[in-house]
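> Mind looking over this structure? Questions follow.
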Amino acid sequence: QVQLMESGGGWVQPGGSLRLSCVASGSFYGIPVMGWYRQAPGKQREMVAEITNGGTTNYDDSVKGRFTISRNNPQNTVWLQMDGLRPEDTAVYYCKASVRRTPTLNRTNFWGQGTQVTVSS
């Protein structure tokens with residue numbers, strides 16, 4: 001089994017910054033992709049940013065230039081630095097890890113429990 005532990009959410013005023021962290025633990029071979037998703041009330045969960053174990057990143061257009069995703073492979077940790085936050089960024093943010101549990105098995109997605117980010121004045 002794989003567990004994802006998130007931290008770093010909270011309340012911030014518009015224009016402020018927050019840094020989310022997610023650590024993966026358990027038994028697995030590797031994590032090819034880690035990412036952050038978010039879900040606002042009444043909306044579907046959407047991808048915010050993803051990063052491969054080789055460092056390739058992908059961002060939703062709404063956060064490009066404001067958010068930065070990074071990871072440390074040996075520590076199985078991914079971060080999301082969020083700058084220039086806007087009220088529309090308010091949501092529950094979820095960490096996602098696409099895990100390969102053995103060298104030959106297909107990847108399995110695991111999710112964290114979510115952390116609330118609220119942007120308001």
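The values are calculated or read from the model by the stated rules, or taken from the named source; none is laboratory data. The structure presented is a predicted model; accordingly, all values stated were derived computationally and were not measured. Glycine gets a Cβ as well: all are built from the backbone with ideal geometry, and neighbour counts include every protein chain shown. The accessibility values were calculated without ligands, DNA or RNA, using every heavy atom of the protein model including side chains. Shrake-Rupley method; radii C 1.70, N 1.55, O 1.52, S 1.80 Å.
> Pairs under 9 Å by beta carbon, first residue hydroxyl-bearing (Ser, Thr, Tyr) in the range 1-28, partner assigned to a loop (DSSP other than H, G, I, E, B) and open to solvent by 20 Å² or more (accessible area, probe 1.4 Å), six or more apart or different chains?
Sorted first by the residue in the range 1-28, then by its partner, the pairs are Ser17/Asp83; Ser17/Gly84; Ser21/Gly8; Ser25/Asn76; Ser27/Gln1; Ser27/Arg101.
> While we're on this one: Tell me which residues, restricted to the range 106-121, are open to solvent by 30 Å² or more (accessible area, probe 1.4 Å) and either outside any loop (DSSP other than H, G, I, E, B) or over 8 Å from Trp11 (Cα atoms) (or both).
Listed by number, the residues that qualify are Asn106, Arg107, Thr108, Asn109, Trp111, Gln113, Gln116, Thr118, Ser121.
> Would you pick out the residues in the range 3-36 that are open to solvent by 30 Å² or more (accessible area, probe 1.4 Å) and under 14 Å from Asn109 (Cβ atoms)?
Residues satisfying the conditions are Gln3, Gly26, Phe28.
> Still on this structure, please answer the following. Of the residues that sit in the range 63-105 and are in contact with a Pro (Cβ under 7 Å, 6 or more places away or on another chain) and either at pLDDT below 95 or under 19 Å from Gln44 (Cα atoms) (or both), which one is surrounded by the most Cβ atoms within 10 Å (Cβ to Cβ)?
Taking the candidates together, the pick is Arg100.
> Would you say Pro41 is farther than 20 Å from Leu105 by Cα and modelled with pLDDT under 95?
yes
> Could you tell me whether the range 53-67 includes any residue that is touching a residue at least 40 places away in the same chain (Cβ under 8 Å) and either touching a helix residue (DSSP H, G or I) at 6+ places or on another chain (Cβ under 9 Å) or part of a strand (DSSP E or B) (or both)?
No, that holds for no residue.
> When Met5 is evaluated against the numbered criteria (1) outside any strand (DSSP E or B); (2) at negative phi, which criterion, by number, is the only one it fails?
Condition not satisfied by Met5: (1).
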